[in-house]
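Novice: Following this message is one structure expressed as structure tokens.
The values are calculated or read from the model by the stated rules, or taken from the named source; none is laboratory data. Being a predicted model, the structure only gives us computed values, none of them experimental. With ideal geometry, Cβ positions are generated from the backbone for all residues, glycine too; neighbour counts draw on all protein chains shown.
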Amino acid sequence: MTRRLAFSCGLAVLGLLVVSRARAEEPKKPAVPAAGPVSYFKDIRPIFQANCQGCHQPAKAMGEFVLTTFDGLHKGGESKQAAVVPGKPDQSNLLAQIALKDGKAEMPKDKPPLTADQIARIRQWIAEGAADDTPQSVRTVIDMQHPPVYEAPPVLTSLNFSPDGSLLAISGYHEVLLYSGDGSALVARLVGQSERIESAVFSPDGKSLAVAGGSPGRLGEVQVWDVAARKLRLSLPVTYDTVYGASWSFDGTKIAFGCADNTVRAIDSTTGKQVLYQGAHDDWVLDTVFSLDAKYLISVGRDRSMKLVEVATQRFVDNITSITPGALKGGLASVDRRPKRDELLIGGADGVPKTYQMLRTKARVIGDDYNQIKAYAAMPGRIYSVRFNSDGTRFAAGSSFEGAGEVRVYETDSGKLLDKFTDPGPVFSVAFSPNGKIVAAGGFDGLVRMYDVETGKLSKQFSPAPAAPAKVASK
């Protein structure tokens, strides 16, 4: 019986090898054109969004070629050759740029070429007349020359002071609004392709701004802006949904972010090349922070966990929080690292801010939450944002409960509640000014509120989004 079984297994393996070899020797099938008419809006535009618009948009028009508008697509770029000639694919310079030659293509630059099927689809669309079937409802152009006009203040999901306190970056719709640090003047509007801005964070030297966001259900994007020049330096399409929780390494060379595909990633901040990819989370990753020396990356997500990854090896190291079922009540939305220490602050669905040591110094025991340093007085509802002040002696947290919001300031070591501020609407983002005197908060009602930590009073309140096209303050 054993010999027969072995013989049968041997035949099966031999059969698989023969099939595999036969498949390997099969000639590659040519790309098959789409069965019906090709839609620009449904079929072609998504290809350009995912592969081309990072380098060919109004904020960063490489080769003077803009692919975010239909007119720009037809016009072409600095070569003066028509990119698209309706009905004549062989005379369309766009096809010459994306054509595969020995598995390579001129465009997209420094990226994998389009697939044969994608190229065939574009060719067929041009041959069919290159018609624009974009619905009228989405034809509004939004770019640096045509910034959004707000009928109502946008929900504020991100606030971040520059390291010197001179600027406050505020999330808007399709843009990041740069205000003076005291909130008195609009300084610049950084308008990009992402409809939603989930986080906007200054680099350690304040010269760059990393922006994580995208278009929900369609595309995620990481942007890097030159703050002084007000220019988009890098645009990187990522995944099929918005991305979250951008953070910088201490030396400014890496940017990390979380994704709705349950991954956490990091890129080179200059080239956009992916340097870390980790899939240890079981749900959306909502925030990230690097360790003090950037050897590790810490992430939190909707799966009720805070995870530790080694950057150089991209290896998952540990669950910093407890893995015991029920130990954490709901997901985690925000994480911050204490300045000059590898101690971590988290906030999430249970409304309890907590601090943790980053590295485990004792073997894990079922039921333990050994890395936890302190749990603070619970806030009403869910915590959406936690941030330390510049020396780590205090932290601020913002929460939402039954349509109202609250901002609290705690003393880190003692756990003492220092201030409590009530907001009319849910609070989704908080930020400490570099001098530690002001906590800025923003959320559902679209207003930025600046609280004086020393007096415990509201010092300023304003709507950052202009109701009409507005001039910005001169540099």
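Novice: If you take the residues in region 408-444 that are of a type in the set (V, I, T) and under 23 Å from R196 (Cβ atoms), which one is surrounded by the most Cβ atoms within 10 Å (Cβ to Cβ)? If you could, list the steps in order and put the result at the bottom.
Specialist: Initial filter on region 408-444 (of a type in the set (V, I, T)): 409, 412, 422, 427, 430, 438-439.
Still in the running and under 23 Å from R196 (Cβ atoms): 427, 430.
Numbers: V427: 31, V430: 29.
Applying the filter and picking the extreme gives V427.
Novice: A further question on this structure: Six or more apart or on different chains, Cβ atoms under 9 Å: show the pairs whose first residue is in region 148-174 and over 19 Å from L286 (Cβ atoms) and among the acidic types (D, E) and whose second is surrounded by fewer than 22 Cβ atoms within 10 Å (Cβ to Cβ) and modelled with pLDDT under 95.
Specialist: E151/A467
Novice: While we're looking at this one, here's another question. Determine if region 334-348 includes at least one residue that is modelled with pLDDT under 95 and either surrounded by 21 or more Cβ atoms within 10 Å (Cβ to Cβ) or of a type in the set (G, A, S) (or both).
Specialist: No, region 334-348 has no match at all.
Novice: Restricting to region 173-186, count the residues that are closer than 11 Å to V448 by Cβ and small (G, A, S).
Specialist: Residues that pass the stated criteria total 1.
Novice: I would also like to ask the following. Quick one: is T242 more than 18 Å from D110 (Cβ to Cβ) and either hydroxyl-bearing (S, T, Y) or in contact with a Phe, Trp or Tyr (Cβ under 6 Å, 6 or more places away or on another chain) (or both)?
Specialist: yes
So that you can scan it fast, the table gives a plain yes or no per residue for (1) surrounded by fewer than 24 Cβ atoms within 10 Å (Cβ to Cβ); (2) not hydroxyl-bearing (S, T, Y):
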site	(1), (2)
A185	yes, yes
G206	yes, yes
G214	no, yes
E221	no, yes
D226	yes, yes
R233	yes, yes
L236	yes, yes
T239	yes, no
V243	no, yes
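Novice: Do you know which residues across region 135-172 are charged (D, E, K, R) and touching a strand residue (DSSP E or B) at 6+ places or on another chain (Cβ under 8 Å)?
Specialist: Within region 135-172, just D143 meets the criteria.
Novice: If I go through region 85-115 residue by residue, how many of them are over 29 Å from the mean Cα position of the chain (by Cα) and either in contact (Cβ under 8 Å) with a residue 24 or more places away in the chain or assigned to a loop (DSSP other than H, G, I, E, B) (or both)?
Specialist: 12
Novice: Would you please list the contacts, defined by Cβ atoms under 8 Å and residues six or more apart or on different chains, that run from a residue in region 257-276 that is under 15 Å from S299 (Cβ atoms) to a residue that is part of a loop (DSSP other than H, G, I, E, B) and of a type in the set (K, R)?
Specialist: Close Cβ pairs (under 8 Å, with a partner that is part of a loop (DSSP other than H, G, I, E, B) and of a type in the set (K, R)) amount to I267/K273.
Novice: Taking the stated definitions as given, is T288 under 30 Å from V187 (Cα atoms), touching a residue at least 12 places away in the same chain (Cβ under 8 Å) and in a strand (DSSP E or B)?
Specialist: When the stated conditions are applied, T288 passes them.
Novice: So S249 clears everything in (1) modelled with pLDDT under 95; (2) over 16 Å from L286 (Cβ atoms); (3) polar (S, T, N, Q) except one condition, right? Which one?
Specialist: (1)
Novice: Shifting gears a bit: Looking at D133, D110, can you tell me which residue is modelled with pLDDT of 70 or more and farther than 23 Å from L232 by Cβ? Spell out how you get there, then give the answer.
Specialist: Numbers: D110 fails: farther than 23 Å from L232 by Cβ.
Being modelled with pLDDT of 70 or more and farther than 23 Å from L232 by Cβ holds for just one of D133, D110, which is D133.
Novice: Those residues that are under 17 Å from S390 (Cα atoms), of a type in the set (D, E) and not in a loop (DSSP other than H, G, I, E, B), I need them from region 423-458; list them, please.
Specialist: D452
Novice: Also, quick follow-up: Here are some residues: L308, L332. Which one is among the hydrophobic types (A, V, I, L, M, F, W, C) and either in contact with a His (Cβ under 7 Å, 6 or more places away or on another chain) or under 20 Å from V201 (Cβ atoms) (or both)?
Specialist: L332
Every residue, every condition in (1) under 22 Å from K340 (Cα atoms); (2) assigned by TED's automatic domain parsing to the domain that holds R338; (3) at pLDDT below 95, yes or no:
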position: I267; (1), (2), (3): no, yes, no
position: Y277; (1), (2), (3): no, yes, no
position: D283; (1), (2), (3): no, yes, no
position: S299; (1), (2), (3): yes, yes, no
position: R304; (1), (2), (3): no, yes, yes
position: K307; (1), (2), (3): yes, yes, no
position: V311; (1), (2), (3): yes, yes, no
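Novice: Another question, if that's okay. Does region 360-372 include one or more residues that are among the aromatic types (F, W, Y) and either in contact with a Gly (Cβ under 6 Å, 6 or more places away or on another chain) or surrounded by 21 or more Cβ atoms within 10 Å (Cβ to Cβ) (or both)? Working first, answer last.
Specialist: So the first thing to find is which residues in region 360-372 are among the aromatic types (F, W, Y), and the list is 370.
Imposing the further condition that a residue be either in contact with a Gly (Cβ under 6 Å, 6 or more places away or on another chain) or surrounded by 21 or more Cβ atoms within 10 Å (Cβ to Cβ) (or both) reduces the set to none.
Among the residues of region 360-372, not one is among the aromatic types (F, W, Y) and either in contact with a Gly (Cβ under 6 Å, 6 or more places away or on another chain) or surrounded by 21 or more Cβ atoms within 10 Å (Cβ to Cβ) (or both), which makes the answer no.
Novice: For region 344-356, name all the residues that are in contact (Cβ under 8 Å) with a residue 40 or more places away in the chain and under 16 Å from R394 (Cα atoms).
Specialist: If the condition is that a residue be in contact (Cβ under 8 Å) with a residue 40 or more places away in the chain and under 16 Å from R394 (Cα atoms), then L344, L345, I346, G347, P353, T355, Y356 are the ones that fit.
Novice: Go through (1) at pLDDT below 95; (2) more than 25 Å from P163 (Cβ to Cβ); (3) of a type in the set (A, V, I, L, M, F, W, C) one by one and return the number of the condition L236 breaks.
Specialist: (2)
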